[in-house]
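Here's the structure, in structure tokens; my notes come after.
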Amino acid sequence: MPDLSGKKVLAIVSNRGVEQDELKDPVNMLRQSGAEVVIAAPETGKVQTLTGDWDLGEIFEAGQTLASVNEAEFDLLLIPGGTLNADNLRLDADANRIVKSFASSGRPVASICHGPWLLVEAGLVQGKTLTSYNSIKTDVINAGGSWKDVSVFRCPANGFALITSRNPGDLVAFNEAIAKELSA
């Protein structure tokens, strides 16, 4: 992995329901590569992850609230999946503000599994090509995006890079794409 020292990544999650490995693996890779990672959620403190949207996973700590985030401080936005997580984030005004700010400023967004639901809600998939968990394929298409069934896809359309993957089985490719984006 490249040296990502000096890079700052924002991971946005809900306080319950984020898919454990879709948060854990990218965060660990980024931190081991020297990047600073901040986890933000509606409330600071405990973030209860799940595995397979059902079983309790590890607990992480949210160091900031979504409302308090100054998104201009960050180089990349990470949106992990998990059905509950993604459903909560897409209804959160601060999560919508954050993702729109990244897109409008041309900074990259990386989203996996159900995470692109936030992009659909924020109106950011129109004209984009992406992948996701297959159950939200129709949502992506109905929002004006094109959907591909591939392990990772980077779309530069509309002025910002969007890196997407389908599920935890794609995490190696997803993490490699994130590292490559930050080291470019």
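The values are calculated or read from the model by the stated rules, or taken from the named source; none is laboratory data. Nothing here was measured: the structure is a model prediction, and the numbers come from that model. Methodologically, a virtual Cβ is constructed for each residue, glycine included, from the backbone with ideal geometry; neighbour enumeration extends over all protein chains shown.
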Looking only at the stretch 18-56, which residues are within 16 Å of ASP170 (Cα to Cα) and among the small types (Gly, Ala, Ser)? GLY52
Return only the number of the condition from (1) surrounded by fewer than 18 Cβ atoms within 10 Å (Cβ to Cβ); (2) assigned to a strand (DSSP E or B); (3) among the hydrophobic types (A, V, I, L, M, F, W, C) that MET1 does not satisfy. (2)
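Do you know which residues across the stretch 110-131 are on the phi > 0 side of the Ramachandran plot and free of Cβ contacts under 8 Å to residues at least 40 places away in the same chain? Quick ask: steps written out before the conclusion?
Let us first name the residues in the stretch 110-131 that are on the phi > 0 side of the Ramachandran plot, namely 113, 123, 127.
GLY123, GLY127 - these are the residues of the stretch 110-131 that are on the phi > 0 side of the Ramachandran plot and free of Cβ contacts under 8 Å to residues at least 40 places away in the same chain.
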Qualifying residues in the stretch 18-50 (those that are in contact (Cβ under 8 Å) with a residue 24 or more places away in the chain and in a loop (DSSP other than H, G, I, E, B)) - the one nearest to ALA110 (Cα to Cα): ALA35
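If we scan the stretch 61-68, do we find a residue that is assigned to a helix (DSSP H, G or I), in contact with an Asp or Glu (Cβ under 7 Å, 6 or more places away or on another chain) and within 25 Å of TYR133 (Cβ to Cβ)? Lay out the reasoning, then the answer.
Applying the first criterion (assigned to a helix (DSSP H, G or I)) to the stretch 61-68 yields 66-68.
Then keep just the ones that are in contact with an Asp or Glu (Cβ under 7 Å, 6 or more places away or on another chain); that gives 66-67.
Next, only the ones that are within 25 Å of TYR133 (Cβ to Cβ) stay: 66.
Within the stretch 61-68, one or more residues are assigned to a helix (DSSP H, G or I), in contact with an Asp or Glu (Cβ under 7 Å, 6 or more places away or on another chain) and within 25 Å of TYR133 (Cβ to Cβ).
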Note on the stretch 137-182: residues crowded, with 21+ Cβ neighbours inside 10 Å and small (Gly, Ala, Ser) are GLY145, SER165, ALA177
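Sort through MET1, MET29 and tell me the only one that's at pLDDT below 95 and not small (Gly, Ala, Ser). Walk me through it before giving the result.
On the way: MET29 fails: at pLDDT below 95.
Only one candidate qualifies: MET1.
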